[in-house]
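The values are calculated or read from the model by the stated rules, or taken from the named source; none is laboratory data. Predicted model only: the values in this text are computed from it and were never measured. So basically every Cβ, Gly included, is an ideal-geometry build from the backbone, and we count neighbours across all protein chains shown.
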Amino acid sequence: MSESTDPTGAGHKKPRRVVLKLSGEALREDGSQDNISPEIVGKMASQIVEALKEGVQIAIVVGGGNFWRGISASNRGMERATADYMGMLATVMNSLALQSMLEEMGVEVRVQTAIEMKNVAEPFIRRVAIGHLEKGRVVIFGAGTGNPFFSTDTTAALRASEINADVILKATKVDGVYDSDPAKNPDAVRFDDISFHEAISRRLKVMDSTAFSLCMDNNKPIMVFDMNEPGNLKRALLGADIGTLVHAG
């Protein structure tokens, strides 16, 4: 993403406002019995702080898979809505962990939840969230959309549309979107950028279908990048040309 091109096109300049989508598993160290690694969260937080210093407004949606996956529990016999609500609570725990680490680094943070829990977080209110961002605070959206049957990818797409973010940054374990699974096909080809329509026609799994449709309908580009590469989180937040940009074309 170059410094001088259209932030909604295949090239990006430094975005003004982003939604960063983190998986819950990203907060956990591989092979560890701990659900959250303070060291990993600290590394994430330090890169977020550096991007904030450059003037980027940052909202974050974090999953809960390091604690609980509603759909997995429902596949084992639990009632789906209940399992999903439990997953929403897991995202709040991750949100609070990230909030705590960022605050230790001197950043003002607000956690807003789609399920009201006054003792630990603010309720999600769109205008309040935008106000926090404009004041240089990080806003973390917890508890998903507040409804079962929706993923945190959908939460990221919804919140990005509501707060008018320039781009969704989807942090993953791969360095972009490929034409086939690179773990299974050594000849898989990575796209530098791809349109929403081409991603659909190729049946590429960028996000779940609900989230992807929201992004396409509201023209919210998605940058898919490898967050395990040192420094990549900061580079993505500052608009570097990494990963794959999925856009309107």
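Listed here are the residues, each with its yes/no results for (1) crowded, with 19+ Cβ neighbours inside 10 Å; (2) closer than 14 Å to ALA143 by Cα; (3) at pLDDT 95 or above.
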site: SER37; (1), (2), (3): no, no, no
site: ILE58; (1), (2), (3): yes, no, yes
site: ALA81; (1), (2), (3): no, yes, no
site: MET86; (1), (2), (3): no, yes, no
Seminar exercise, completed: Of (1) of a type outside the set (Ser, Thr, Tyr); (2) without any contact (Cβ under 8 Å) to a residue 60 or more places away in the chain; (3) buried (at least 17 other Cβ atoms within 10 Å of the Cβ); (4) in contact with a Leu (Cβ under 9 Å, 6 or more places away or on another chain), ILE130 satisfies every one except (4)
Problem set entry | Identity of the residue in region 167-197, in contact (Cβ under 8 Å) with a residue 40 or more places away in the chain and of a type in the set (S, T, N, Q), that ends up nearest to LEU20 (Cα to Cα) | THR172
Exercise. Here are LYS14, LYS21: which of them is out of contact with any strand residue (DSSP E or B) (no Cβ under 6 Å at 6 or more places or on another chain), touching a residue at least 12 places away in the same chain (Cβ under 8 Å), outside any helix (DSSP H, G or I) and not polar (S, T, N, Q)?
Worked result: LYS14
Exercise. Does ILE200 meet the test of being part of a helix (DSSP H, G or I), in contact (Cβ under 8 Å) with a residue 12 or more places away in the chain and aliphatic (A, V, I, L, M)?
Worked result: yes
Exercise. Among the helices (runs of 4 or more DSSP H) confined wholly to region 56-135, which include 3 or more residues that are under 21 Å from ASN35 (Cβ atoms), over 16 Å from the mean Cα position of the chain (by Cα) and among the charged types (D, E, K, R)?
Worked result: 80-104
Exercise. Quick check, is ALA160 hydrophobic (A, V, I, L, M, F, W, C), assigned to a loop (DSSP other than H, G, I, E, B) and closer than 24 Å to VAL62 by Cβ?
Worked result: no
Exercise. When you scan region 163-197, how many residues do you find that are assigned to a helix (DSSP H, G or I) and buried (at least 20 other Cβ atoms within 10 Å of the Cβ)?
Worked result: 1
Seminar exercise, completed: Looking across region 88-116 at residues that are hydroxyl-bearing (Ser, Thr, Tyr) and over 15 Å from ASN147 (Cβ atoms), the single one that is surrounded by the most Cβ atoms within 10 Å (Cβ to Cβ) is SER95
